[in-house]
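One structure below.
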Amino acid sequence: MGKQIKGRKRHLLVDTLGLVLVVVVHAANLQDRDGAKLVLERLRHKFSRLRCIWADGGYAGQLVAWVRGLRVWRKLRLEIVSRPAGSKGFVLLPKRWVVERTLGG
């Protein structure tokens with residue numbers, strides 16, 4: 001069905017300290033995986049030392065293989081940080097809160 005609200009989404013790529021590397025703002029009706037491609041496409045020729053990107057479960061699926069094929073040299077890996085199996089309610093997940101700190105600060 002998709003989002004029926006007019007607006008914008010922000011996709012950020014931050015380093016492990018929460019410093020912003022790439023920002024893309026797009027229409028809210030674009031799927032998160034497609035928005036992630038807009039951000040990650042900018043990595044093709046930048047940040048050559050970057051090897052691993054952590055993301056939440058919303059970015060799982062075909063995007064993982066797409067990221068692997070993004071660079072011919074200095075390959076990138078998209079690692080999905082998932083909730084532990086059988087967990088209920090709020091679960092603090094390592095690595096995932098870095099971007100939330102950036103947005104909240």
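Among the residues of segment 12-29, those that are touching a helix residue (DSSP H, G or I) at 6+ places or on another chain (Cβ under 7 Å) and either open to solvent by less than 50 Å² (accessible area, probe 1.4 Å) or outside any strand (DSSP E or B) (or both) comprise Leu12, Leu13, Val14, Thr16, Gly18, Val22, Val24, His26. Of the residues Leu19, Leu78, Leu38, Leu92, the single one that is touching a Leu at 6+ places or on another chain (Cβ under 7 Å) and not charged (D, E, K, R) is Leu78. Over 18 Å from Lys9 (Cα atoms), in contact with a Lys or Arg (Cβ under 7 Å, 6 or more places away or on another chain) and in contact (Cβ under 8 Å) with a residue 40 or more places away in the chain - does that describe any residue in segment 35-50? The answer is no; no qualifying residue exists. Test Val64 against the stated conditions and say whether it is assigned to a strand (DSSP E or B) and touching a residue at least 12 places away in the same chain (Cβ under 8 Å). No. In segment 37-57 there is at least one residue matching the filter, namely being open to solvent by less than 50 Å² (accessible area, probe 1.4 Å), modelled with pLDDT under 85, touching a strand residue (DSSP E or B) at 6+ places or on another chain (Cβ under 9 Å) and outside any loop (DSSP other than H, G, I, E, B). Scanning segment 77-96 for residues that are in contact with a Gly (Cβ under 9 Å, 6 or more places away or on another chain) and of a type outside the set (D, E, K, R) returns Ile80, Val81, Ser82. Could you please tell me which pairs satisfy a Cβ distance under 6 Å, a separation of 6+ or placement on different chains, a first residue in segment 83-103 that is open to solvent by 40 Å² or more (accessible area, probe 1.4 Å), and a second residue that is acidic (Asp, Glu) and part of a loop (DSSP other than H, G, I, E, B)? Correct list of pairs: Arg96/Asp56.
The values are calculated or read from the model by the stated rules, or taken from the named source; none is laboratory data. Since this is a predicted model, take the numbers as computed values, not measurements. Glycine gets a Cβ as well: all are built from the backbone with ideal geometry, and neighbour counts include every protein chain shown. Quick note on the areas: whole protein, heavy atoms, side chains included, nothing else; ligands and nucleic acids left out. Shrake-Rupley method; radii C 1.70, N 1.55, O 1.52, S 1.80 Å.
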